[in-house]
Amino acid sequence: TPRVFSGIQPSGDLHLGNYLGALKRFADAQDQGIQSIYCMVDLHAITVPQKPEDLKRSTRELCAGFIASGIDPQKSILINQSQVPEHAQLAWIFNCVARMGWMGRMTQWKDKAGKNAEAASLGLFAYPALMAADILVYHATHVPVGEDQKQHLELTRDIAAKFNHDYGVDFFPLTEPVIEGAATRVMSLRDGSKKMSKSDPSDASRINLSDDADTIAKKIRKAKTDPDALPSEAKGLEARPEARNLVNIYAALSDQSVEQVLSEVGGQQFGTFKPLLAELAVTKMSPITSEMTRLMADPAEIDRILAHGAAQAREITAPILRKTYEIVGMVG
Ligand code: AQP
């Protein structure tokens, strides 16, 4: 049976890349009737230093972000990773299945550890094994993510296949990444070759879900572009990463294809297009921002939602972990 799992780190403000690459697509998928589990991955967040009080606030804020984006806790299971201990327990088994060489090849590890890998946490290195456990502890079959997570999902399949092979079982499914739509890779507003990211030191590089209308408009107005008018066909965007990024964002926000957008705005200068994009972004994002603020006023209610989600999740994860232990040969 199909089952969807996806997670987001509570490690800072949510941005438009997280919204279009992940949250919005979760909400679109929810109503297709497939059982879905969405996770705030706090254990992943602490692979780099986090202030305890910030981690708590970000986790609750992320939960508010999921709900404000349309994830209904009555229809989907909404959890915080550390409240479902089977994630970490299965991750240990996978630490013993995955190979050092596989982990060392992950581009996210190389990017985040940088030149000083000796000083990086062991958790940052082992991150993809925990991610594999997050997914496989549900026997999830589909994982909607942005393009940046493709390599980690391939590793998840490798871990499942090696476990099945080593123990001579057909237990863990080979999960499919779902990377679809116009905005699977939203780029920085300041540099069309870098992805929009929470950890970019320039706040002008991203649109945060917490930005007000004026800030959004200003960031779009100042976004890097080239001097040419917009083309009327998608192939005219090929060598123009900044222009392509803004058109992709417009397409994703308005639920249109890039071709449809260009048939409307082709020929326009950025001076005309940027205000249209800003207006669209504000229209789509400000209801989410205000709903997040409303939900954050009652943190106890958020905690209740997460406790309920954890109880539902453990009905799935506990039997899968028990069976895994049995396959591995643990007494108990
Ligand atoms: N720029 C992006 N475009 C499309 N999708 C994106 N995602 C992240 N950035 C983009 C998707 O958002 C989901 C959750 O991301 P995450 O917070 O778990 O991962 P992340 O990659 O750590 O997010 P950031 O902002 O890039 O954080 P830093 O700067 O700390 O690395 C995932 O589905 C991801 O694909």
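The values are calculated or read from the model by the stated rules, or taken from the named source; none is laboratory data. In this text the structure is predicted, and so the values were computed from the model without any measurement. As a convention, Cβ positions derive from the backbone with ideal geometry for all residues, glycine included, and neighbour counts pool all protein chains shown.
Examine the stretch 36-45 for a residue that is more than 15 Å from the ligand (Cβ to nearest atom) and of a type in the set (Phe, Trp, Tyr), and state whether such a residue exists. No: the stretch 36-45 contains no residue that is more than 15 Å from the ligand (Cβ to nearest atom) and of a type in the set (Phe, Trp, Tyr).
Is it true that Thr141 is within 10 Å of the ligand (Cβ to nearest atom) and not hydrophobic (A, V, I, L, M, F, W, C)? No; evaluated as a whole, the condition is false for this residue.
Checking the structure you have, find out if any residue of the stretch 129-138 is away from the ligand (no atom under 16 Å from the Cβ), out of contact with any helix residue (DSSP H, G or I) (no Cβ under 9 Å at 6 or more places or on another chain) and either in a helix (DSSP H, G or I) or more than 22 Å from Arg322 (Cβ to Cβ) (or both). Looking through the stretch 129-138, none of the residues is away from the ligand (no atom under 16 Å from the Cβ), out of contact with any helix residue (DSSP H, G or I) (no Cβ under 9 Å at 6 or more places or on another chain) and either in a helix (DSSP H, G or I) or more than 22 Å from Arg322 (Cβ to Cβ) (or both). Among the residues of the stretch 162-177, is any within 12 Å of the ligand (Cβ to nearest atom) and closer than 30 Å to Ala217 by Cα? No - not one qualifying residue is present in the stretch 162-177. Among the residues of the stretch 14-35, the one identified as part of a loop (DSSP other than H, G, I, E, B) and either hydroxyl-bearing (Ser, Thr, Tyr) or within 11 Å of the ligand (Cβ to nearest atom) (or both) is Leu14. When the stretch 144-170 is filtered for residues that are among the β-branched types (Val, Ile, Thr) and modelled with pLDDT of 95 or more, the ones remaining, listed by number, are Thr156, Ile159, Val169.
Within the stretch 19-39, the residues that satisfy the criterion of being closer than 18 Å to Ile67 by Cβ and in contact (Cβ under 8 Å) with a residue 60 or more places away in the chain are Tyr19, Leu20, Ala22, Lys24, Arg25, Phe26, Ala29, Ile37, Cys39.
Residue by residue, here is whether (1) at negative phi; (2) under 13 Å from the mean Cα position of the chain (by Cα) holds:
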| residue | (1), (2) |
| --- | --- |
| Gly12 | no, yes |
| Ala22 | yes, yes |
| Arg25 | yes, yes |
| Ser36 | yes, no |
| Val48 | yes, no |
| Arg57 | yes, no |
| Arg99 | yes, no |
| Trp102 | yes, no |
| Lys110 | yes, no |
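Residue-wise test of (1) outside any helix (DSSP H, G or I); (2) in contact (Cβ under 8 Å) with a residue 40 or more places away in the chain; (3) over 27 Å from Ala252 (Cβ atoms); (4) of a type in the set (Lys, Arg).
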residue: Thr156; (1), (2), (3), (4): no, no, no, no
residue: Ala160; (1), (2), (3), (4): no, no, yes, no
residue: His165; (1), (2), (3), (4): no, no, yes, no
residue: Gly168; (1), (2), (3), (4): yes, no, yes, no
residue: Pro177; (1), (2), (3), (4): yes, no, no, no
residue: Gly181; (1), (2), (3), (4): yes, yes, no, no
residue: Gly192; (1), (2), (3), (4): yes, yes, no, no
